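In what follows, a structure is listed as structure tokens, so that the remarks can point back to it.
Every number here is computed from the coordinates shown, using simple stated rules; none is lab data. Note that this is a predicted model, so its numbers are computed, not measured. A quick note on method: Cβ atoms are made from the backbone with ideal geometry, for glycine too, and the neighbour counts reach across all protein chains shown.
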Number of protein chains: 2
Amino acid sequence: MSLLEDKTPKRTPISELGEFGLIEHLTKNISIQNASTIKGVGDDCAVIDSGDSFSLVTTDMLVEGVHFDLTYTPLKHLGYKSVVVNLSDIYAMNGVAKQITVSIALSNRFPLEAVEELYEGIHLACKNYNVDLIGGDTTSSTSGLCISITAIGEASKEDVAYRSGAKEHDLIVVSGDLGSAYLGLQILNREKQVFEANPSMQPELGNKDYILQRQLKPEARKDVVELLKSKTIVPSSMIDVSDGLSSEILHLCKNSNVGCAIYEDKLPIDFSAISTAEELNLNAATCALNGGEDYELLFTISQEHYENIKNDPNLTVIGHITDQSSGTVFVTKDDNHQPLTAQGWNSIS
Amino acid sequence: MSLLEDKTPKRTPISELGEFGLIEHLTKNISIQNASTIKGVGDDCAVIDSGDSFSLVTTDMLVEGVHFDLTYTPLKHLGYKSVVVNLSDIYAMNGVAKQITVSIALSNRFPLEAVEELYEGIHLACKNYNVDLIGGDTTSSTSGLCISITAIGEASKEDVAYRSGAKEHDLIVVSGDLGSAYLGLQILNREKQVFEANPSMQPELGNKDYILQRQLKPEARKDVVELLKSKTIVPSSMIDVSDGLSSEILHLCKNSNVGCAIYEDKLPIDFSAISTAEELNLNAATCALNGGEDYELLFTISQEHYENIKNDPNLTVIGHITDQSSGTVFVTKDDNHQPLTAQGWNSIS
């Protein structure tokens, strides 16, 4: 009677591999058996051939104490965000999100009213993104809250964007701005520590509305997919920025067998993020590169589309694709060329 | 800083509603926004129109200490079973399972080798049922193991079987046999108690192979869907037996607005289940009615198909559908007519 059948097992801590390493290890020998499975593990969504179009499937699991802290996360926001992070993966394939399933496990410390609040946020996200809640599972847990959501979407076979299509000379574009969600989290953690040390202290959250909203109630960029469609631009590759810009760019480059040059002075960073970074003695560019949870779209487009997007306030060209041998390069403001490294947020290690 | 935005919240324990009550409460106001959503919450699967055929989607979450006990569940079996319980829901719509996603949250007490063993079982189930593992999520948890699987399948628009199509005079049919998985669980729990009282005792599991296998490594009835297809029978309604026969029959009757008569002497119960029930001073018919986790298919067919199935060793006619006003009736061996009640296994209450 043991966790393992082998009575003298080797015990390798999972932290040795990290999240990406573990997934790669567990899925490397998968062989696809169904002709309808177009793309399995390894992109923002799996892709299934459903006849006239592609179905997109993505899933995320959020665990209390790992992905969220209920001392400062309102349950309604948590429900909203849990849906949004999944929809973001559908948009990252240049698709339209259509349905979600929601499963939750929760301990008996949660009364019905707490679950209702969580679902209020879930229903609101469904309404805002025109998505149907079509199923799920609800069960008890021995401790804490665990939320698992699967999102299903649709993309035309011509429009679907993988991580793998970036070509040399393509422009690298990101929507919105970067680093704010991470800085919002730093502020929340700071105020939590203040509160724990002295519960009568009022939190200092003035002028932090934007970065707090980016952390607590992010939005997915459905509008950017629609914008690209209206401009008849199909990105050559796309990914959403969940683990941090660096990590995502490295995914695009690895999957596309290309290199890149990213320019520090091009990174879109909101003014309130810059001032908060200064206040916390952090480098704003580092927050933008490695912060994570921005849920913006990062994509590559052919240079011919430049005129069509250059004045769009939602989009910023931050660099270009190079050949693989040039490596993945970050060009600082003083023209220092550094290798891009992924220090993205990693929920395993 | 509180779990709830309202500072003087009402706290209703979720156990007041139970699992089905909670799901109904949380989903009663859902409005469907997408034309492709054919069926949302309320059947074994959600149904999505994907053009030429229907896509089927189902999801289940399994939590350590609630759904499984690792003191007697080998991780490979757990992985296998986690997949099977989801595929069973696809077959219960008369569909073919095609893809799954697997998300796991696990604490650092699990080494890589434990996760590998879990995935061995997952991969084996995929191979046996011709299903592709196309995605998922892997994360840490603060305690225990949580597995969330979503299965995706396909059904032709003519063949899909809902819970709602049963008609008066239809025959009620169940595949395989009932109650064994529940009795297997009772034996495992008994041996666990013996082991905890005296770790040097060897477990007494002789002649229990079948019922233990039914509990630890159940199979989903893909073969029954294929059998019905080969006989060109489309069930008028169908559901899988996960919570116990009584509970499932009541679902069919409620969704179809009909009544039923089920006959005790028709219930298919394996000999080893009968002898184990005797040994444990349990009523075998009660185990068959309320035990749960059989993962057999329960369905209704028009009487015209009787000749075509009556000699099939996989199928047993256990009763027939009546009009709604006749109620849901269980006819005992001594011709006593009792109302059927659901005492199925309920993971919330």
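Summary of values
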item	result
Inter-copy spacing of B:GLU278 label points, which lie 7 Å from Cα along Cα→Cβ, given in nm from shortest upward	8.6
Residues A:VAL194 and A:LYS127, FRET efficiency given R0 of 30 Å [Cβ-Cβ distance, rounded to 0.05]	0.25
Bins of 10 Å from zero: percent of alpha-carbon pairs in the range B:199-343	10, 37, 35, 13, 3, 1
Globularity ratio of the range A:141-214, using Cα Rg and 2.2 N^0.38 Å	1.80
The range B:224-294: equivalent-ellipsoid semi-axes (sqrt of 5 x gyration tensor eigenvalues, Cα, Å)	26, 16, 10
Selected from A:VAL63, A:VAL258, A:VAL174 as most flexible by GNM, with chain A as the system and alpha-carbon contacts under 10 Å	A:VAL63
Tail beyond 20 Å, pair distance distribution of the range A:172-250 (Cα, percent)	48 percent
Phi-based couplings in Hz for the range A:62-79 (Karplus 6.51, -1.76, 1.60; Gly and Pro marked x)	10, 10, 4, x, 10, 9, 8, 10, 6, 5, 10, 9, x, 4, 5, 4, 4, x
Reference-scaled alpha-carbon Rg (2.2 N^0.38 Å with N residues) for the range A:67-123	1.25
Beta bridges by DSSP in the protein assembly as shown, antiparallel share as percent, to the nearest 5	80 percent
Positive-pole candidate from A:LEU56, A:SER140, A:CYS45, dipole of the range A:1-156, charges at beta carbon	A:SER140
Efficiency of FRET from Cβ geometry, B:LYS229 and A:ASP265, R₀ 56 Å, rounded to 0.05	0.30
Two-site FRET efficiency, B:GLU120 against B:ASP209, from Cβ-Cβ distance with R₀ of 22 Å, rounded to 0.05	0.55
Given charges at beta-carbon only (K, R positive; D, E negative), |dipole| of the range A:36-155 in Debye	120 debye
Magnitude of the charge dipole, chain A, Cβ model with Lys/Arg +1 and Asp/Glu -1, debye to 20	500 debye
Dipole axis of the range A:193-276 (+1 Lys, Arg; -1 Asp, Glu on Cβ), positive-most option in A:VAL225, A:ALA261, A:SER246	A:VAL225
Residue with peak Gaussian network fluctuation, chain B [Cα springs, cutoff 10 Å], from B:HIS77, B:HIS67, B:HIS169	B:HIS67
Residue-averaged [θ]222 nm for the protein assembly as shown, counting only DSSP H segments that reach four residues, each worth -39500 (n - 2.57)	-10000 deg cm²/dmol
The range A:36-155: proportion of alpha-carbon pairs further apart than 20 angstrom, %	42 percent
Intensity falloff of the range B:87-241 expressed as log10 I(q)/I(0), Debye formula with alpha-carbon point scatterers, at q = 0.12 Å⁻¹	-0.73
Amide hydrogen neighbours beyond the local backbone of A:LEU70, cut-off 5 Å, H modeled	A:GLY65
Estimated dipole of the protein assembly as shown in Debye, rounded to 20 [Cβ of Lys and Arg +1, of Asp and Glu -1, Cα centre]	240 debye
Fluctuation leader among A:GLU226, A:GLU248, A:GLU279 - chain A, Gaussian network, Cα springs under 10 angstrom	A:GLU279
Dimensionless Rg over Rh [the protein assembly as shown; C-alpha; Kirkwood]	1.00
Footprinting exposure proxy for A:ASP44, A:ASP137, B:ASP49 (fewest neighbouring C-beta atoms within 10 Å first)	B:ASP49, A:ASP137, A:ASP44
Percent of beta bridges antiparallel (DSSP, the range B:35-155, rounded to nearest 5)	75 percent
Share of Cα-Cα pairs in chain B lying beyond 34 Å, as whole percent	27 percent
